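A short write-up of the structure that comes next.
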Amino acid sequence: MPSNATLHRQRTLGGVIGIVVLAFGLGYHFFPRLFHAEPGEVVRRSVPSAPAEAPGGASTINEPAAEELNAGPPLTLAPTAVIAARLSRGHAQLPKQLTPDPPKLRALLDRADKALAAGDLGGGKDSAATLYLQAAKDKPDSRRAAQGVIDVHARLVAQAERAIALGNAEEAGEQLAALQQLPDSADDAARLAAALKTLTDVRPLLTQAAGLLQQGKADQPAGRSALDIYRQVQQLDPQNAVAEQGVLDVQRVVLDRALAAVAQNDFAGADKVLAEAQAIRPGSQQLHDVRQRVDDMRTARASGVLGQAHSALDAGNLALAKQLAGQAAAISPQLAGLAAFEQQLVNAQLYASRKPGQVFTDRYVDLPGQSPAMVVIPTGSFLMGAADDDSSHNASEQPQHKVGIEQGFAMARSAITVGQFREFVRESGYVPDSVKQGGASVYDERSGAMRDDSSATWQDDYAGRKAADNLPVVNISWGDAKAYADWLSQRTGRKYRLPSEAEFAYALRGGTTTRYWWGDGTPDRKVENLTGSRDRSPSGRRWNHAFNGYGDGYWGPAPAMSFAPNPFGLYDMGGNVSEWVADCWHDNFIRAPVDGSAWLNPGCSLRVLRGGSWGSSPDQARSAWRQGADAGVRSGRVGFRVVREL
């Protein structure tokens, strides 16, 4: 016979195991102190009765009548011994034993212990209940006998609970009959009798629901489906584990429909079915698992379509790429990489697969060399011209009007240099106007003004001296600038041209709205080659009208890209040299294009200059400043840059 300490340890261990098992959702029908069982794996067969404990912890299964329909799957419950140990802890106190049990009584109790271990609890003369009750009658103060009665009581209650939870009314009735023979069992017997009556009432409904489920009427038709019957059972018996499992079976059928929809690439249909499944049993593990599977399949499918979209984009088929990207978004709106691809698609449509701010060059197709470095200008809109409150504006800068740049383009990062223009002359054989017609207007240090010099050419600087290759080319006409752009188009196979006035004005501002691209007044750092009060000519001359307190160290053009870029990454837009643009000169902006295109008239001889120069006054360095000049003018203050269409 085990000692009290051993029994105590066994009971404690059993209680802990029971708590752990119950924490995973194992519960028992009509027992308020325990949680109810979470249904286990679905098995399509008859409902087994509760296993009876065998020696050594083994159990046997008693099968019910074969003709009974499956009213729910078997449930995995905690061992009866665990439940009984938990129940017995709260039973009556053991008596105070006055004398030891005599040998004859111990023999009787040994027989009772064997019957208890064999699961023979009550109903016969050799059952545990009969033997323990006899021992308690023979010696009322026997603690072992009293403990045995308590253990039998707890085991009968536990087995009855288990049988009721499994829907086995017959076995539950047998356990209840045996329990009623024990003392102090009235309360438990009454409660179990009520639970058994409820089971008897709902079992036909459970059988009906199981039949409907097997017929494929899981959740339809409404009002006559297995789900409706299971819900009815749950109203009668809210804790019915078989009904709960039936609801999960119904949800499983619905979830299978979601997977079938996914197999047909109908993800919208799958989402609808998942919503139906959510309404059946919110938060179930199987719902979570299927939703995860659907999401994984959705992601895989959308990723495959997006991969096709990438291939279409690489092949230059923008229409197909856009269509496929839309399909991928419809499948999985939150797909990783979708937003980046949509931006690539926009860039492909607006910037020929480049992106704003990107710097690139085009290689020549028929000889060694490459184009000037170009920077991609973003699309957008701006107000072109001077505002009414600009005290320095003139009539040619008005009316101020909104211009939209809807197609991206690339612009040379700086004005074309002497070296770049020299390559053009050498390779093309072109004769610039300064050579063909002779001369240009250059700076005269003695007078401090510009003068005509018949010997000055494009190879000279602002003062008529030989120019370094990294200086912006000056002393060229509008026609010379256009010829260079046309030559670049031939050499690269891409469309190069002079910028329109609107494109130049938009790029010059770089998204700003201030008087100058760097602000409204004198710069606080070196931003451009401007007329500053600190600048001096070789002979010590000063500017009459200059940015007060500013000095950049140059009198005349500085090497290209010597100063800061504007917000679009362009250099020397507001200073160094003024630049030719494609437009014909008009005295104002009335009826000017609003789409960024050049404003042209057939045979016009006056063209537009944009951007300040090394010798421009502060008013002429404004972003809104513009000036008309004869297309044949060649000046030491005028250069150009090119645009490349995307």
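Quick one: in segment 599-628, which of the residues that are among the hydrophobic types (A, V, I, L, M, F, W, C) and surrounded by fewer than 18 Cβ atoms within 10 Å (Cβ to Cβ) is nearest to the chain's Cα centre (by Cα)?
Narrowing segment 599-628 to residues among the hydrophobic types (A, V, I, L, M, F, W, C): 599-600, 604, 606, 608-609, 614, 621, 624-625.
Within this subset, residues satisfying the condition of being surrounded by fewer than 18 Cβ atoms within 10 Å (Cβ to Cβ) are 600, 604, 606.
Working: Leu600: 48, Cys604: 55, Leu606: 55 Å.
Only one residue fits best here, namely Leu600.
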*May I ask you to list pairs of residues, at least six apart or on different chains, whose Cβ atoms are under 6 Å apart, with the first in segment 485-499 being over 11 Å from Phe640 (Cβ atoms) and assigned by TED's automatic domain parsing to the domain that holds Ala598 and the second being surrounded by fewer than 22 Cβ atoms within 10 Å (Cβ to Cβ) and among the β-branched types (Val, Ile, Thr)?*
Gly493/Val365
*Considering only segment 485-524, state which residues are outside any loop (DSSP other than H, G, I, E, B), in contact with a Ser or Thr (Cβ under 9 Å, 6 or more places away or on another chain) and farther than 22 Å from Phe589 by Cα.*
Trp487, Leu488, Gln490, Arg491, Thr492, Tyr496, Arg497, Gly519
*For residues in segment 383-398 being crowded, with 16+ Cβ neighbours inside 10 Å and among the hydrophobic types (A, V, I, L, M, F, W, C), which is modelled with the lowest pLDDT?*
Ala386
*Go through segment 155-175 and give me each residue that's out of contact with any Phe, Trp or Tyr (no Cβ under 9 Å at 6 or more places or on another chain), of a type outside the set (Gly, Ala, Ser) and over 13 Å from Leu206 (Cβ atoms).*
Arg155, Leu156, Gln159, Glu170, Glu171, Glu174, Gln175
_Qualifying positions in segment 287-346 - under 17 Å from the mean Cα position of the chain (by Cα) and acidic (Asp, Glu)_ = Asp295, Asp296, Glu342
*Has segment 605-612 got any residue that is assigned by TED's automatic domain parsing to the domain that holds Phe504, of a type in the set (S, T, N, Q), in contact with a Cys (Cβ under 9 Å, 6 or more places away or on another chain) and not in a strand (DSSP E or B)?*
yes
*Does Val202 count as closer than 20 Å to Ala165 by Cβ and modelled with pLDDT under 95?*
yes
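For segment 329-379, what are the residues that are among the aromatic types (Phe, Trp, Tyr) and at pLDDT 95 or above? Walk me through it before giving the result.
Pass one, segment 329-379, residues among the aromatic types (Phe, Trp, Tyr): 341, 351, 360, 364.
Within segment 329-379, Phe360, Tyr364 meet the criteria.
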_Unmet criterion (only one of (1) acidic (Asp, Glu); (2) crowded, with 17+ Cβ neighbours inside 10 Å; (3) part of a loop (DSSP other than H, G, I, E, B)) for Asp587_ = (2)
_Let me confirm something: among Gln437, Gln420, which residue is in contact (Cβ under 8 Å) with a residue 24 or more places away in the chain, buried (at least 20 other Cβ atoms within 10 Å of the Cβ) and either among the β-branched types (Val, Ile, Thr) or not in a strand (DSSP E or B) (or both)?_
Gln420
*For segment 573-580, indicate whether the set of residues that are surrounded by fewer than 17 Cβ atoms within 10 Å (Cβ to Cβ) and farther than 20 Å from Ile405 by Cα is non-empty.*
no
*Looking at (1) within 30 Å of Ile229 (Cβ to Cβ); (2) without any contact (Cβ under 8 Å) to a residue 24 or more places away in the chain, can you tell me which one Glu170 breaks?*
(2)
*Do the conditions hold for Ser396, that is, is it assigned by TED's automatic domain parsing to the domain that holds Asp619, assigned to a loop (DSSP other than H, G, I, E, B) and closer than 30 Å to Ala507 by Cα?*
no
*Single match in Val431, Val425 (criterion: of a type in the set (Val, Ile, Thr), assigned by TED's automatic domain parsing to the domain that holds Arg622, free of Cβ contacts under 8 Å to residues at least 60 places away in the same chain and surrounded by fewer than 16 Cβ atoms within 10 Å (Cβ to Cβ))*: Val431
*asked:* Tell me whether segment 352-362 contains one or more residues that are touching a residue at least 60 places away in the same chain (Cβ under 8 Å), loosely packed, with under 15 Cβ neighbours inside 10 Å and either touching a Cys at 6+ places or on another chain (Cβ under 7 Å) or over 30 Å from Leu227 (Cβ atoms) (or both).
replied: yes
*Single unsatisfied condition, Gly569 versus (1) over 28 Å from Val359 (Cα atoms); (2) surrounded by fewer than 20 Cβ atoms within 10 Å (Cβ to Cβ)*: (1)
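Could you tell me which residue of segment 613-636 is nearest to Ser533 (Cα to Cα), considering only residues that are in a loop (DSSP other than H, G, I, E, B) and either without any contact (Cβ under 8 Å) to a residue 24 or more places away in the chain or in contact with a Phe, Trp or Tyr (Cβ under 7 Å, 6 or more places away or on another chain) (or both)? First the steps, then the outcome.
Going residue by residue through segment 613-636, those that are in a loop (DSSP other than H, G, I, E, B) are 613-617, 622-625, 631-634, 636.
After this cut, where a residue has to be either without any contact (Cβ under 8 Å) to a residue 24 or more places away in the chain or in contact with a Phe, Trp or Tyr (Cβ under 7 Å, 6 or more places away or on another chain) (or both) as well, the list is 614, 622-623, 631, 636.
Numbers: Trp614: 13, Arg622: 17, Ser623: 20, Ala631: 32, Gly636: 21 Å.
Looking at the filtered set, the residue picked out is Trp614.
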*asked:* Would you confirm whether or not segment 537-551 contains a residue that is buried (at least 23 other Cβ atoms within 10 Å of the Cβ), touching a strand residue (DSSP E or B) at 6+ places or on another chain (Cβ under 8 Å), in contact (Cβ under 8 Å) with a residue 60 or more places away in the chain and within 12 Å of Gly615 (Cβ to Cβ)?
replied: no
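Taking the condition modelled with pLDDT of 95 or more, closer than 17 Å to Phe640 by Cα and in a loop (DSSP other than H, G, I, E, B), does Ala468 pass? It would help to see each step written out before you state the result.
Details: modelled with pLDDT of 95 or more: yes; closer than 17 Å to Phe640 by Cα: yes; in a loop (DSSP other than H, G, I, E, B): yes.
So Ala468 passes the test.
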*Could you tell me which of the residues Arg252, Arg203, Arg231, Arg257 is surrounded by fewer than 24 Cβ atoms within 10 Å (Cβ to Cβ), outside the structural domain of Glu161 (by TED's automatic domain parsing) and either in contact with a Ser or Thr (Cβ under 8 Å, 6 or more places away or on another chain) or more than 26 Å from Asp296 (Cβ to Cβ) (or both)?*
Arg231
*Somewhere in segment 305-315, is a residue more than 29 Å from Ala258 (Cα to Cα), surrounded by fewer than 17 Cβ atoms within 10 Å (Cβ to Cβ) and at pLDDT below 90?*
yes
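Is it the case, given these coordinates, that Arg541 is within 24 Å of Asp389 (Cα to Cα), touching an Asp or Glu at 6+ places or on another chain (Cβ under 9 Å), in the same structural domain as Gly553 (by TED's automatic domain parsing) and among the basic types (Lys, Arg)? Steps first, answer last, please.
Values: within 24 Å of Asp389 (Cα to Cα): no; touching an Asp or Glu at 6+ places or on another chain (Cβ under 9 Å): yes; in the same structural domain as Gly553 (by TED's automatic domain parsing): yes; among the basic types (Lys, Arg): yes.
Considered against the rule, which asks whether it is within 24 Å of Asp389 (Cα to Cα), touching an Asp or Glu at 6+ places or on another chain (Cβ under 9 Å), in the same structural domain as Gly553 (by TED's automatic domain parsing) and among the basic types (Lys, Arg), Arg541 comes out as no.
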*Taking Trp585, is it of a type in the set (Phe, Trp, Tyr), in contact (Cβ under 8 Å) with a residue 12 or more places away in the chain and closer than 25 Å to Asp630 by Cα?*
yes
*Would you pick out the residues in segment 597-628 that are small (Gly, Ala, Ser), modelled with pLDDT of 95 or more and farther than 24 Å from Glu445 by Cα?*
Ser597, Ala598, Ser605, Ser623, Ala624, Gly628
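The values are calculated or read from the model by the stated rules, or taken from the named source; none is laboratory data. Worth saying up front: this structure is predicted, and the values here are computed from it rather than measured. Every residue, glycine as well, gets a Cβ built from its backbone with ideal geometry; the counts of neighbours run over all protein chains shown.
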